[in-house]
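Since the structure comes first, as C-alpha cells, the remarks are kept for the end.
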Amino acid sequence: LIFILIFKKKRVNTPPDIARQQSRDIRNIIGFDSGIKVIHPLTKEKIPVWLSSYVLSDYAEGAVMGVPAHDSRDFDFAKKYSIPIKTVVVSTDSTKQKKSELFEEYGTLIDSGDYSGMSSVSAFDAISKKIESLDFGKSTTKLRLKDWLVSRQRYWGCPIPIIYCNSCGTVPVPEHSLPVLLPDNIKISKKGGSPLKQATDWLHTNCPKCNGPATRESDTMDTFVDSSWYYLRFMTPKCDSHLITKEAQNWLPVDVYIGGIEHAILHLLYSRFINRFLYSEGLSPTTEPFKNLVTQGMVQSKTFKVPETGEYVKPADVEIENDIAYSKKTKKELTISWEKMSKSKHNGVDPSEIVSEYGADAARLYTLFKAPPSNPLEFERKDLSGHVRFLNRLLILAKNASQPNLVKEEQEQNIQGDRDVLRLLNETILSVATQIESSCFNVAVAELMKLTNAVFSTPISQNVRYTVALSMAKMLFPLAPHVSCEMLELLHKDKTVDLDIDKIFWPEVDEKALHKEEIEVVIQIQGKTRGSIKIASENVGNDEKLTQEAQESVIFKNYVKNSLVKKVIISPKRNLINFVLESKTVGK
C-alpha cells in the first residue's frame, strides 16, 4: 500500500472524467517519494507517502490510499516508480488470475489478516465497522449527482408551477391547472431580468388556497429539464392519457445517446436520475434510459499565442513563414497549438462561409471523414477541396452512366472488369452499411472513395457503370444528400424520379456477385510469411486440397526443400496456411 497526495501547486481544473482518462497515459504521471511514513490504522504497518500529479484535489481530502494491484491508475504509478504491488483481492476463479496482474473487480480477500477469505462486499462492511468502533472514521455514500440549477430568467422555457401569496406563502399550482402556459403577448427587452415580469396580466393571479392576490414564479426551467425526459414523448406526442403508451414502450431504451464530455458528466446523469424516478412511479419501463453513449470529440482549430503572456492573436494579425507563425505587429514568433474553437481564442470558423465556398455536402463529408465521432477533429480549411473533387467525380460518374444499354460485344470485352467492380460494389454495400450502423462514418466515406477509384480505373460496361452509379447515389444519401439527389436526377433524366426520403432505399446485395473464383492464400513457413498463391475458391474450404496446392507451389518448394512437415495450421478465415517443420534447417 502507498499513500498518495496531490501536487497542490500544480492543480489543473480538469473535469474528473477527463482527468481519470488522462491518468491512464503513464507519460502524464509524475510523482516522487516524500520520505514521510504514515501508520495504517488497522495493521499498524508503516506506509510511504508519495506525491503525484494524478490524484484529484476535489476527491475526499486530496489524499487517497493507493492500491496498485486493484486500481489502474495506482498500478501504472507503481510500475513506473518500482513500488511493490501487493495483491489482496483475487477472482473467485483463481485459475484466471495471476498475482502480478491488475484486478479491479469484486472477488475474495487474501493476505488480509482476519478478513482473508471474505468477499469484497462482506469485507467492506466488516472493515467499516471496525474503523467506526476504533473511532477512526465512518463509511459515507458519495453521490455523483451535484446540485442542479434549473431556473433561468428567460422566456423560452417551461414555467415553474409555483405561486407566491402574501398570506399563504409558497403555493404549488394545483394539478388540474397544469400545465402553466407561457403568455403570447410578450416583449423581449435588453434590460435584463425575466421578460415574464413585464407580462403583468399573466404574472398576477389568484392564490389557489385563499383566492387572494398572488404572483406567479417568473423564472422558467432550464431546457435541460425537458431534454432529460422528452424522448419519451417523441414516440407518443398526441397521447393525452399517458406519458408513454404501452406500444411505444417497446422502443425503449433509446439506442444511442450522443453528446460531448460535458454531457456525460452533467445532462446524462440528470436524465438517468429523472428516468429512475419515472421508473419508480411506473411511468418508464426501463431502469436505464439509454443503451449506448457516444461521446463526440471537440472541433479544434489552430490558435496563435504570445509565449510570454499567453495572449491569443487573431489570424489576420499573423503571418506564416516556413510553418512558423510571427506577429505582424511585433515580428516576434508565436506559439501554434490546436484548441477547441472559441471566440476568445480567435480560432472559430463560420459554417456559413464554408457552405458558401465549398457546399454543404462537402462540409458534411469533411467532418465525417476527418476523424471518428469520438475523436477530436482538427479543422483545416485546405482539406475541404479534396471532398469537393470527390463529389464532382461522382456527378461525372452519374452523368456518364446514362440509362443502361447492354451491348453484347461491350459486355464480352469487359467481362473481367465487370466481375471485379460488381464484386467490389457489393462488398462496399455490406461494409458501408456496417460502418454507418457502428458510427464509423470516416471508414464508410473511405470505402466509397475506394469504389469510385476502381470505377474510373477499370474498363467496365455501360450497364455496370449505371448499376454502380445508382448504388453509389443511394449509399451517399445519408452522408451527402444533396449530391445524392443530383446523381439520381442525372441517372433518371428521361424519367420523373421521386426523391422523397421514404422512397430512397438502401441498395440490395447480390450474393452471386460476391463469389470469387480465386482466393489469395498467404503461405507461412515456421510462422514467417514467404509469399502468397491464388487457389480456386472451391478448393479453399477443403483442408486436403488447400494443403496440396500450397505444397505444390514454388514458394513451398523453395523454402522447405527436404524438410519434413510436422504440422499444418490453417487460419479460421482460410486465407493463411502455416507449415511447421520437423527439421530446423529451412531454406533461406
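The values are calculated or read from the model by the stated rules, or taken from the named source; none is laboratory data. Note that the coordinates shown come from a computational prediction; the quantities given were computed from them, not determined experimentally. Neighbour counts run over all protein chains shown; Cβ positions are idealised from the backbone, glycine included. Please note that ligands, DNA and RNA were not included when accessible areas were found on the heavy atoms of the full protein model with its side chains. Shrake-Rupley method; radii C 1.70, N 1.55, O 1.52, S 1.80 Å.
Amide H contacts for C158 (H built 1.01 Å from N in the peptide plane; partners 5 or more residues away or on another chain; cut-off under 5 Å): M221. Distance from the alpha carbon centroid of segment 244-318 to that of segment 163-179 works out to 34 angstrom. Each residue of segment 532-541 was assigned a 3J(HN,Hα) from its phi angle through the Karplus curve 6.51 cos²θ - 1.76 cosθ + 1.60 (θ = phi - 60°); the sequence is 8, 9, 9, 10, 4, 4, 5, 8, 5, x Hz, with glycine and proline shown as x. Counting only protein heavy atoms and a 1.4 Å probe, segment 40-177 has 66 square angstrom of accessible area per residue.
Any chance you could run the full-extension gain for S139 through M341? It's 0.36 nm times the residue separation minus the Cα-Cα distance, nm to one decimal.
Between S139 and M341, full extension yields an extra 68.4 nm.
Extension gain for T286 to M118 (0.36 nm times residue separation, less C-alpha to C-alpha distance): 57.1 nm. A simple spin-label model places the labels of H482 and E518 4.6 nm from each other, with each point 7 Å out along Cα-to-Cβ.
Across all Cα atoms of the chain, the radius of gyration (one decimal) and Dmax (whole number) stand at 33.4, 108 Å.
Whole-Hz Karplus values for segment 240-257 come out as 9, 9, 9, 4, 8, 6, 5, 5, 6, 4, 5, 7, 8, x, 4, 5, 9, 10 Hz, taken residue by residue from phi with 6.51 cos²θ - 1.76 cosθ + 1.60 and θ = phi - 60°; glycine and proline positions read x. The packing ranking, built from the mean of other Cβ atoms within 10 Å per residue, places the peptides 70-81, 476-487 in the order 476-487, 70-81, highest first. For segment 38-84, the extents of the C-alpha atoms along the principal axes are 26, 26, 18 Å, listed from largest to smallest. Rolling a 1.4 Å sphere over the protein heavy atoms, what is the accessible area per residue of segment 180-224, to the nearest Å²? With all protein chains present, segment 180-224 gives 67 Å² per residue. How many percent of all Cα-Cα pairs in segment 105-170 sit more than 14 Å apart? Distances greater than 14 Å cover 76 percent of the Cα pairs.
Nonpolar atom fraction for the chain, defined as the carbon and sulfur part of the 1.4 Å probe accessible area, stands at 52 percent. Helices in the chain, meaning DSSP H runs of at least 4 residues, each add -39500 (n - 2.57). Divided by all residues, the mean residue ellipticity at 222 nm is -10000 deg cm²/dmol. Residues in segment 229-372 average 63 Å² of solvent-accessible surface per residue, probe 1.4 Å, ligands and nucleic acids excluded.
In the frame of its principal axes, segment 119-222 has Cα extents of 65, 35, 24 Å, reported largest first. The chymotrypsin sites (Phe, Trp or Tyr not before Pro) of segment 149-203 that DSSP puts in a loop, and whose beta carbon has at most 15 other beta carbons within 10 Å, are W156. Scaling the Cα radius of gyration of segment 458-583 by the globular reference 2.2 N^0.38 Å produces a ratio of 1.69. Which residues does a label at L564 reach in segment 516-543, if reach means a backbone N under 19 Å from a point 7 Å past the Cα toward the Cβ? Residues passing the 19 Å test: 526.
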